[in-house]
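Asker: Supplied in structure tokens, the structure appears directly below.
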Amino acid sequence: MKQYRTCIVGLTGIGSGHPLTGGEDGYGTTVPHSHAAAYAFLPETEIVGVCDLRQDRLDQFREVWSASLPALGYYTDYQQMINDLQPDILSVVTSDNRHADIVVFAAEAGVGGIFCEKPIATTLADADRMIEAVVRNGVAMTINHSRRWRPIFRPVLSALKKGAIGQLRRIVCSYGGPRAILFRNGTHMIDTMCMFAGSKPQWVFAELEEGYENYWPYQGDGGRNPDLEPSVSGYIHFENGVCAFYNNAKKMFGRRDWDLFGTTGCITVNDQHAFIETEHGTKKIDCPHNTRVDSPAAIRELIGVMEKGGETCSPPAQGRRVLEVLLAFMASQKRGNIRIDLPLDENAV
């Protein structure tokens, strides 16, 4: 088995994490969610270098991981790390607005696969130059919209495709609590609605949280301070006629789920469970037990694309569509909560 050399840029929680303990091979009942934990868990990958602008984060990573990764290279300059170590795969786990330059440099420098955190970027111009660079250089890239690799969502997608609730007509996604913000977690919710709809967004309108009426452009810090991003009440009309409502507020009960309404039934799904309701009653949708979910599943799929071609289930083009919806929500608010037809011209907002 080939072992792929990997590097990580950005050592916040999702980038760093902790080594797994307990259970067979350190797996136990805990899914290795962070990039470092996932790479360390998979036999196909070897972490050779990490990078962060802040020395304290490098020191903290060294303290946590030095026993597991004694020969690791530590850098504050991602370009030097990539040039020195020549990784096969690069994880980009920085603030959202810093993704683009790193991805473009990595693609030009010969990195074969890029695992980029969500959202893909904070402007469409940045997303476009990232996509252009990876396409031109033949680089496999995936965006970490993690529910695409969570086991409960696969049987729900299968049920939709088999017509278990007839034709899908409406989606209602609810997400409340202090972290219910537009970019940091909204990107997950919007992407999952797009996944269920199976179509491209056509137009939207929205109302942002009170106090953010003139929120343009993006002014957040990657989700660390939720006060820098609004929550949103939004509507998405898809090309295939499916309509989606995003029920999102910081000062709301912390529910996080999706209701899928079809012509003959309804499915309710959250991160742990799914139920289908029809005229014949309500039953639970079985969730398969997988040992490769979340970040390990995303990495293994990325490797498969590097070896065989094609694209992952979360390609950068889909990441751009999600970003376009987020920006269109903001544009709708700024223009008086009007309908915004896609594609969005972000320079005309």
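Since every read-out is calculated from the coordinates, none of them should be taken as a lab result. Predicted model, so just to flag it, every value in this text is computed and none were measured. Note: ideal-geometry Cβ built from the backbone for every residue, glycine included; neighbour counts use all protein chains shown.
Asker: When the convex hull of the Cα atoms of the range 181-284 is projected onto a plane and the area is averaged over all directions, what value comes out in nm²?
Answerer: Reported value for the Cα convex hull: 7.8 nm².
Asker: Using θ = phi - 60° and the Karplus relation 6.51 cos²θ - 1.76 cosθ + 1.60, list the HN-Hα couplings for the range 202-213 in order, rounded to whole Hz, with x at every Gly or Pro.
Answerer: 10, 7, 9, 8, 7, 10, 7, 3, 4, x, 10, 5
Asker: Under 1.5 on a/c is rounded, so check that first for the range 80-123, then, if it is not, pick prolate when a/b is larger than b/c and oblate when it is not; a ≥ b ≥ c are the square roots of the alpha carbon gyration tensor eigenvalues.
Answerer: Because a/c hits 1.5 or more and a/b exceeds b/c, the range 80-123 counts as prolate.
Asker: Taking every pair of alpha-carbon atoms in the chain, what share in percent sits in each 10 Å bin, from 0 to the bin with the longest distance?
Answerer: 5, 24, 32, 26, 10, 1, 0
Asker: Magnitude of the Cβ-charge dipole of the chain, K/R +1 and D/E -1, about the Cα centre, nearest 20 debye?
Answerer: 960 debye
Asker: Taking the DSSP beta bridges in the chain as the whole, what percent of them are antiparallel, to the nearest 5?
Answerer: That works out to approximately 55 percent antiparallel.
Asker: Over the range 30-184, calculate the relative contact order: mean separation of alpha carbon pairs under 8 Å at least 6 apart, over the residue count, as a percent.
Answerer: With pairs under 8 Å counted, the relative contact order is 15 percent.
Asker: Then there's this: Collect residues whose amide H, placed 1.01 Å from N in the peptide plane, falls under 5 Å from the amide H of Gly15; neighbours closer than 5 in sequence don't count.
Answerer: His35
Asker: Right, here's the next one. Quick one: putting +1 on the C-beta of Lys and Arg, -1 on the C-beta of Asp and Glu, what dipole do you get for the range 1-148 around its Cα centre, in Debye to the nearest 20?
Answerer: Value, rounded to 20: 260 debye.
Asker: What shape does the range 247-299 have by the C-alpha gyration tensor, where a ≥ b ≥ c are the square roots of the eigenvalues, rounded means a/c under 1.5, and otherwise prolate means a/b greater than b/c and oblate the rest?
Answerer: Taking the square roots of the gyration eigenvalues as a ≥ b ≥ c, the range 247-299 is oblate.
Asker: How about Lys284: which aspartates and glutamates have a C-alpha closer than 20 Å to its C-alpha, ignoring those fewer than 8 places off in the same chain?
Answerer: Within reach: Asp257, Asp259, Asp271.
Asker: I would also like to ask the following. Based on alpha-carbon centroids, what's the gap between the range 188-215 and the range 83-144 in Å, whole number please?
Answerer: A separation of 24 Å, based on Cα centres.
Asker: Among Trp258, Ala206, Asn97, whose Cα lies farthest out toward the positive end of the dipole of the chain, if unit charges sit on the beta carbon of Lys, Arg (+1) and Asp, Glu (-1)?
Answerer: Trp258
Asker: Between Ala71 and Gln272, what length in nm is gained on full extension when 0.36 nm per residue of separation is reduced by their alpha carbon distance?
Answerer: Working it through step by step, the gained length comes to 68.6 nm.
Asker: Please identify the trypsin sites (Lys or Arg not before Pro) of the range 170-230 that satisfy two criteria: DSSP loop assignment and at most 13 other Cβ atoms within 10 Å. Which are they?
Answerer: Of the trypsin sites (Lys or Arg not before Pro), the ones in loops of the range 170-230 whose Cβ has at most 13 other Cβ atoms within 10 Å are Arg224.
Asker: List Leu69, Leu228 from most exposed to least, where exposure is judged by having the fewest other Cβ atoms within 10 Å.
Answerer: Leu228, Leu69
Asker: For the range 1-144, state what percent of all Cα-Cα pairs lands in each successive 5 Å bin, counting from 0 Å until the bin that includes the largest distance.
Answerer: That works out to 2, 10, 21, 23, 20, 13, 7, 3, 1, 0, in percent per bin.
Asker: Still on this structure: Just rank Thr6, Thr187, Thr45, fewest to most, by other beta-carbon atoms within 10 angstrom.
Answerer: Ascending number of Cβ neighbours within 10 Å: Thr45, Thr187, Thr6.
Asker: Would you calculate, for the chain, the mean residue ellipticity at 222 nm contributed by helices, counting each DSSP H stretch of 4 or more residues as -39,500 (n - 2.57) and dividing by all residues, to the nearest 500?
Answerer: That calculation yields -9000 deg cm²/dmol at 222 nm.
Asker: Given a cut-off of under 8 Å on Cα pairs at least six residues apart, what relative contact order in percent is computed for the range 194-282?
Answerer: Result for the range 194-282 is 21 percent.
Asker: Quick one: plug the Kirkwood hydrodynamic radius of the range 270-309 (C-alpha pairs) into Stokes-Einstein at 10 °C, 1.306 mPa s, and report D in µm²/s.
Answerer: Here the translational diffusion coefficient equals 124 µm²/s.
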